[in-house]
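One structure is given here, and the rest of the page talks about it.
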Number of protein chains: 2
Amino acid sequence: MKQREMPDSFNALPDPPYYSVIFTSRLSSGDPDQYAAVAERMNQLAVQQPGFLGKTSLRNDEDVGVTVSYWSDAQSIANWREHAEHHIAQEQGRRRFYDEYRLEVCRVERVSRYQRLDASQKESE
Amino acid sequence: MKQREMPDSFNALPDPPYYSVIFTSRLSSGDPDQYAAVAERMNQLAVQQPGFLGKTSLRNDEDVGVTVSYWSDAQSIANWREHAEHHIAQEQGRRRFYDEYRLEVCRVERVSRYQRLDASQKESE
């Protein structure tokens, strides 16, 4: 099932400034099922948070992943960081799921976009 | 050849503030070989630019990719955007390689990191 679509965040973002959180991680080798369950639960919770705008999440074959989540402002990010159930998941992440991660809170200052208007255009060139 | 290592940028970044460029893209279906050649050439050029700090690049099976590049300041990003050969590659990208992309210039304001000190710790719990 090849879904050639951009992440759900792609067209839903406001004009800058807004905020992004770049979470770069390397999973440890154990607990993939429990990791998936906790990640799915955190995803369900995150989308309900005030200020959440969307996310893009990719992982490669070497267990390195990048998740970029988008937020309306820095306070929304701080609120989500202190969310009780998320707090437990963060602790689990350090104890069981991740060998290494880096989390960067960023202010998005400038955006440019491109979208091919006619997908057949390339073929006709 | 399973290389369980973080992207080259992982440990080389200074304390914030620094800058990131989040490039989220969906490749078109044609020209994968030429795309790879141009991407490799741009990678070689980028690492030589003043202010370049590192990058993380991932792509999934649906041709959606995220490349996060890191820079010391906004001026370095602007200089690389106007680099002559990069300019040509950008135009090629729109004409031949990408169906869609979004490029976000971000000021990284806050960073937190985690690294497992003892990789065997998890096993012994």
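The values are calculated or read from the model by the stated rules, or taken from the named source; none is laboratory data. This is a predicted model, so every value here is computed, not measured. Here the Cβ is made from the backbone with ideal geometry for all residues, glycine too, and neighbour counts use every protein chain on show.
Quick notes on this structure:
- Scanning the range B:84-114 for residues that are more than 7 Å from every other protein chain (Cβ to nearest Cβ), under 18 Å from the mean Cα position of the chain (by Cα) and closer than 18 Å to B:SER28 by Cα yields a total of 4.
- Residue within the range B:88-99 that is surrounded by fewer than 17 Cβ atoms within 10 Å (Cβ to Cβ) and touching a strand residue (DSSP E or B) at 6+ places or on another chain (Cβ under 7 Å) present: yes
- Only listed residue being small (Gly, Ala, Ser), surrounded by 13 or more Cβ atoms within 10 Å (Cβ to Cβ) and at the interface with chain B (Cβ under 7 Å from one of its Cβ atoms), chosen from A:SER25, A:SER20, A:SER57: A:SER20
- Figure legend. Inter-residue proximity from the range B:38-63: first residues farther than 14 Å from B:TYR19 by Cβ, second residues crowded, with 17+ Cβ neighbours inside 10 Å and charged (D, E, K, R), beta-carbon distance below 7 Å, spacing 6+ or different chains. Indicated pairs: B:ASP63/B:ARG26.
- Tallying residues that are surrounded by fewer than 18 Cβ atoms within 10 Å (Cβ to Cβ) and more than 7 Å from chain A (Cβ to nearest Cβ) within the range B:60-73 yields 3.
- 1 or more residues at pLDDT below 95: qualifying helices (runs of 4 or more DSSP H) within the range B:58-125: B:84-92, B:121-124
- Any chance B:ASP33 is in a helix (DSSP H, G or I), charged (D, E, K, R) and free of Cβ contacts under 8 Å to residues at least 60 places away in the same chain: yes
- Meets criteria (surrounded by 12 or more Cβ atoms within 10 Å (Cβ to Cβ), assigned to a strand (DSSP E or B), basic (Lys, Arg) and at pLDDT below 95) for B:ARG4: no
- Boolean, A:ARG102 is crowded, with 16+ Cβ neighbours inside 10 Å and in contact (Cβ under 8 Å) with a residue 12 or more places away in the chain: yes
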